[in-house]
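**Q** To start, I am sharing the structure in question, which I have written as structure tokens.
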Amino acid sequence: MVLIIKHPAVENTANQFNALKRYVRIRGVINDKFVEFDFAIGDPSLYVELVLPKAAFHAFCEHNQVEIMTSEQSDAVDADMEKWRYGESDSLR
């Protein structure tokens with residue numbers, strides 16, 4: 001038997017990470033079989049793009065206790081992305 005000693009700092013970091021809110025933004029449904037979505041932890045503007053079968057998507061969301069992003073939240077992320085990509089509209093004048 002191997003004894004594993006967990007350092008308190010590592011355990012605290014894991015607890016902090018697990019406490020972060022998880023976000024899902026649904027991008028589309030493909031052939032009524034697959035869900036195309038963005039998944040973010042902590043900051044909805046930092047995400048990965050994923051595609052899962054519908055049943056796996058629902059299990060994924062339940063397991064991660066996600067918050068489905070509203071259209072207002074999605075619009076805010078899009079606006080922030082455009083600001084970084086193209087700059088502030090006021091600064092272009």
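**Q** What full-extension length gain, to one decimal in nm, is calculated for Val29 and Met1 as 0.36 nm per residue of separation minus the Cα-Cα distance?
**A** Value of the extension gain: 5.3 nm.
**Q** Give me the one-decimal nm value for the distance between modelled label points at Leu20 and Glu36, 7 Å along each residue's Cα-to-Cβ direction.
**A** 2.6 nm
**Q** Multiply the residue gap between Ile68 and Ala56 by 0.36 nm, knock off their C-alpha separation, and tell me the result in nm, one decimal place.
**A** Length gained, Ile68 through Ala56: 2.8 nm.
**Q** Only sites in a loop by DSSP and with at most 15 other Cβ atoms within 10 Å count here; which trypsin sites (Lys or Arg not before Pro) in the range 1-72 make the cut?
**A** Hits after loop and neighbour filter: Lys6, Lys21, Lys33.
**Q** Find the accessible area per residue for the chain; the probe is 1.4 Å, ligands and nucleic acids are left out, and the unit is Å².
**A** The answer is 80 Å² per residue.
**Q** For Arg27, list long-range residues whose amide hydrogen, built 1.01 Å from N in the peptide plane, is under 5 Å from its own amide hydrogen.
**A** For Arg27, the qualifying residues are Glu36, Phe37, Asp38.
**Q** Tell me which label goes with the value of Rg and Dmax of the Cα atoms in Å computed from the coordinates here: (1) 12.7, 37; (2) 18.1, 64; (3) 18.0, 69.
**A** (3)
**Q** With a cut-off of 8 Å between alpha carbons and a minimum separation of six or more residues, what is the relative contact order of the chain in percent?
**A** 23 percent
The values are calculated or read from the model by the stated rules, or taken from the named source; none is laboratory data. If you're wondering where the values come from, they're calculated on a predicted model, not measured in any experiment. Cβ sites come from the backbone with ideal geometry, for glycine too, and all protein chains shown count toward neighbours. Heavy atoms of the whole protein, side chains included, go into the accessibility calculation; ligands, DNA and RNA do not. Shrake-Rupley method; radii C 1.70, N 1.55, O 1.52, S 1.80 Å.
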